[in-house]
Ligand code: RIB
Ligand code: CA
């Protein structure tokens with residue numbers, strides 16, 4: 001892997017230093033799980049929100065709800081309400097109109113800390129050595145930050161993103177986070193920052209099976225009940241979208257981008273050059289992964305995650321949820 005932490009937190013408990021992280025997200029059922037993982041396993045400097053699974057007001061609302069449910073003191077800054085160039089595309093077929101359908105969610109009680117995510121990202125990168133950016137939605141905020149302050153690229157330890165893969169989920173080759181804003185993804189993949197990519201090839205190995213949902217629901221308290229209900233809804237929409245038997249639960253994509261930073265030993269990866277298709281008719285938003293064995297291939301810019309120990313990953317997520325369920 002191009003840029004990894006040593007396991008920042010073994011299952012037995014915290015180890016120092018925990019990676020400093022900004023989580024940029026579009027909650028989103030799997031983003032909600034990523035928030036729990038980031039809160040538990042990282043030094044979470046902030047959460048930024050972006051339009052993606054739902055419009056920005058909804059993804060921001062949902063991030064504030066998750067902050068309250070976890071009872072954490074982490075700033076939340078909203079960001080881009082649309083892609084750099086394209087018209088906004090949302091995913092109500094997967095996440096519902098609210099972005100977090102399927103659970104009885106409390107109203108947020110804490111205020112938003114700001115509305116300029118790109119500026120927050122820039123300031124936080126400038127004030128923290130070795131920081132990671134972990135985007136789990138369209139890359140608009142990250143691209144805007146890199147465009148506004150290109151020099152931050154040298155200060156970022158790595159960008160561990162959920163997105164892309166060798167196939168798509170919005171189109172044959174377009175995975176939602178990249179497909180929704182391919183121009184932003186091009187900026188990020190071309191910025192020279194060490195990248196780790198949790199694409200669909202690895203995230204479809206991490207499924208919210210009924211047995212795993214039951215383990216979450218068995219935990220005490222409101223958070224576990226909400227997350228179990230969200231995973232049931234999420235898995236049901238996956239079942240409607242995919243062939244019978246194709247997946248034994250919703251693919252819980254986003255927390256893998258967090259765990260790739262905090263627990264890299266549960267993954268395998270290959271270093272590859274990855275570029276973004278921004279003009280294709282059939283291939284808009286494709287992550288073009290150079291798998292060739294020719295000497296003339298371009299130098300890698302990305303650690304492409306290929307496998308995950310799904311049981312280990314779920315045990316970590318379960319432990320994180322349990323930590324906030326006491
Ligand atoms: O394609 C899956 C990705 O798109 C996940 O991050 C999901 O939350 C949506 O943002
Ligand atoms: Ca997401």
Review point. Mind checking whether some residue in region 40-63 is under 18 Å from residue 163 (Cβ atoms) and in a helix (DSSP H, G or I)?
Key: yes
Review point. Which of the residues that make up region 37-57 are surrounded by fewer than 24 Cβ atoms within 10 Å (Cβ to Cβ) and within 15 Å of ligand 1 (Cβ to nearest atom)?
Key: 55, 56
Review point. Exactly one of (1) within 27 Å of residue 58 (Cβ to Cβ); (2) buried (at least 24 other Cβ atoms within 10 Å of the Cβ); (3) touching a residue at least 60 places away in the same chain (Cβ under 8 Å) is unmet by residue 171. Its number?
Key: (2)
**Study point:** Exclusive hit being out of contact with any strand residue (DSSP E or B) (no Cβ under 8 Å at 6 or more places or on another chain) and either farther than 24 Å from residue 174 by Cβ or at pLDDT below 95 (or both), set 320, 310
**Key:** 320
Exercise for review: Evaluate region 292-302: report whether one residue or more is assigned to a helix (DSSP H, G or I) and either out of contact with any strand residue (DSSP E or B) (no Cβ under 9 Å at 6 or more places or on another chain) or within 30 Å of residue 71 (Cα to Cα) (or both).
Suggested key: no
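Just to check your reading of the model, which residue among 185, 191 is under 22 Å from residue 86 (Cβ atoms), buried (at least 18 other Cβ atoms within 10 Å of the Cβ) and within 13 Å of ligand 1 (Cβ to nearest atom)? Outline the logic, then answer.
On the way: 191 fails: within 13 Å of ligand 1 (Cβ to nearest atom).
None of the other options fit; the residue is 185.
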Revision key, fill the gap. Apart from one, (1) closer than 27 Å to residue 147 by Cβ; (2) more than 16 Å from ligand 2 (Cβ to nearest atom) all hold for residue 25; the odd one out is (2)
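Every residue, every condition in (1) touching a helix residue (DSSP H, G or I) at 6+ places or on another chain (Cβ under 9 Å); (2) within 16 Å of ligand 1 (Cβ to nearest atom); (3) free of Cβ contacts under 8 Å to residues at least 24 places away in the same chain; (4) outside any loop (DSSP other than H, G, I, E, B), yes or no:
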| position | (1), (2), (3), (4) |
| --- | --- |
| 215 | yes, no, no, yes |
| 223 | yes, no, no, yes |
| 227 | yes, yes, no, yes |
| 232 | yes, no, no, yes |
| 237 | yes, yes, no, yes |
| 245 | no, no, yes, no |
| 253 | yes, yes, no, no |
| 257 | yes, yes, no, yes |
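Would you mind finding the one in 168, 130, 164, 158 that is under 19 Å from residue 303 (Cα atoms), within 11 Å of ligand 1 (Cβ to nearest atom), touching a strand residue (DSSP E or B) at 6+ places or on another chain (Cβ under 8 Å) and at pLDDT 95 or above? If you could, list the steps in order and put the result at the bottom.
On the way: 168 fails: touching a strand residue (DSSP E or B) at 6+ places or on another chain (Cβ under 8 Å); 130 fails: within 11 Å of ligand 1 (Cβ to nearest atom); 158 fails: within 11 Å of ligand 1 (Cβ to nearest atom).
Result: 164 is the single residue among 168, 130, 164, 158 that is under 19 Å from residue 303 (Cα atoms), within 11 Å of ligand 1 (Cβ to nearest atom), touching a strand residue (DSSP E or B) at 6+ places or on another chain (Cβ under 8 Å) and at pLDDT 95 or above.
The values are calculated or read from the model by the stated rules, or taken from the named source; none is laboratory data. This one's a predicted model, so the numbers in the text were calculated from it and none came from an experiment. Positions of Cβ are backbone-derived with ideal geometry, glycine not excepted, and every protein chain shown enters the neighbour counts.
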